[in-house]
Structures are given as C-alpha cells and as structure tokens.
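Single-structure report; data block below.
The values are calculated or read from the model by the stated rules, or taken from the named source; none is laboratory data. Quick caveat: nothing in here was measured; it's all calculated off a predicted structure. FYI the Cβ positions are ideal-geometry reconstructions off the backbone, even for glycines, and counts take in every protein chain you see.
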Amino acid sequence: MASIRTEVVIDSSPEQVWAAIRDVGAVHRRLLPDRVADTRIEGDVRILVFPNGNVVRELIVDVDDATRRLAYTVVEGARPALAHHHASFQVFSEEPDRSRLVWITDVLPDALAGEIRARVERGAADMKRTLEEGGRRT
C-alpha cells in the first residue's frame with residue numbers, strides 16, 4: 001500500500017484551519033472552492049460534486065477536536081478506481097498565527113501513487129491559498 005504524506009504551513013491560526021477542516025459539509029466553500037462544486041452530507045457520508053460532474057462519496061471515519069484530526073475513506077466514485085483509499089488531516093500549531101496541516105493518504109493499487117500524490121499536493125496548495133485568503137466563499 002502506498003502512503004502519501006504532505007505537509008503545508010498555513011499563515012492562519014490552528015483554530016481557524018481546524019474549523020475549516022472539521023466543517024465536513026463545506027469543502028466547496030472553505031477549502032477547495034475552485035475544485036469542488038458542491039458538498040452534501042448524508043449521515044456519516046460526505047458527497048463531493050466536482051465541476052465535471054464526477055461525484056465522490058466519502059465515509060467520515062472520525063472528527064477529533066482534541067487532536068484536530070479528521071479521518072475519511074473514499075467509498076465510491078474515485079477516478080481512477082482505487083481498491084483502497086483512506087486519508088486523514090491533522091492540524092498542528094506552528095506559531096499563534098501559523099499552522100501545519102498534515103495530510104496522509106493511503107491508497108491501493110500502488111501503481112496509482114504518483115497520480116494521487118500529485119492530486120494531494122495540488123489540493124494542499126489550493127487549501128493553503130484558500131485558508132490564507134480568508135477561507136470562506138459563498
């Protein structure tokens with residue numbers, strides 16, 4: 001299994017970054033407004049709708065406020081198709097007004113690790129930009 005770890009330092013407080021990460025139904029507004037068109041919640045499942053119409057369903061495994069950690073797994077709609085996808089975000093304090101966001105993604109098959117790594121790195125950069133710009137769009 002490939003494990004991809006990406007870290008990004010964000011010029012925003014840990015509290016602000018965590019508030020955006022833990023708001024699982026607002027990815028399209030608070031984290032990736034240019035990459036996700038809509039987000040819906042159905043029970044423990046987050047549904048992401050992308051601008052091209054692709055729909056991904058993710059099971060929210062855990063939202064831990066004490067450790068500022070969110071874990072999720074893709075259960076349907078991944079393209080290319082993945083045999084396994086589990087990921088977590090964790091927010092750490094760098095300084096009072098800076099945070100370190102750690103995004104760990106485990107995927108199968110291993111052959112897709114390069115493509116998934118590129119997506120994760122691009123996503124982390126997009127989240128950093130959005131959070132530093134204020135993190136909320138309507």
- [ ] Would you check which residues across the range 31-69 are assigned to a strand (DSSP E or B), closer than 19 Å to G123 by Cα and acidic (D, E) and list them?
- [x] D38, E58
- [ ] Scan the range 35-52 and report the pairs whose first residue is basic (K, R) and whose second residue is in a loop (DSSP other than H, G, I, E, B), with Cβ atoms within less than 6 Å and a gap of 6+ or a chain change.
- [x] R46/V24
TODO: Check the range 108-116 and report whether any residue there is under 13 Å from the mean Cα position of the chain (by Cα) and in a helix (DSSP H, G or I).
DONE: yes
TODO: Scan (1) over 14 Å from the mean Cα position of the chain (by Cα); (2) over 20 Å from I116 (Cβ atoms); (3) of a type outside the set (K, R) for the single condition V91 breaks and write down its number.
DONE: (1)
Open item on the list: Taking the conditions exactly as written (in contact (Cβ under 8 Å) with a residue 40 or more places away in the chain, among the acidic types (D, E), touching a strand residue (DSSP E or B) at 6+ places or on another chain (Cβ under 7 Å) and under 18 Å from D126 (Cα atoms)), does E94 satisfy them or not?
Closed with: no
Task: Count of residues meeting criterion [crowded, with 18+ Cβ neighbours inside 10 Å and assigned to a helix (DSSP H, G or I)] in the range 1-15 - done: 1
- [ ] Test A124 against the criterion of being closer than 16 Å to V8 by Cα, among the hydrophobic types (A, V, I, L, M, F, W, C), free of Cβ contacts under 8 Å to residues at least 40 places away in the same chain and buried (at least 16 other Cβ atoms within 10 Å of the Cβ), and give yes or no.
- [x] no
TODO: Please name all residue pairs, on different chains or six or more residues apart, with Cβ atoms under 7 Å, provided the first residue is in the range 15-31 and is over 14 Å from A66 (Cα atoms) and the second residue is at pLDDT below 95.
DONE: Q16/G135; A20/G135; R29/R136; R29/R137; R29/T138; R30/G135; R30/R136
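This table checks each residue for (1) in contact with a helix residue (DSSP H, G or I) (Cβ under 8 Å, 6 or more places away or on another chain); (2) over 14 Å from V8 (Cα atoms).
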residue: G43; (1), (2): no, yes
residue: D65; (1), (2): yes, yes
residue: P80; (1), (2): yes, yes
residue: L131; (1), (2): yes, no
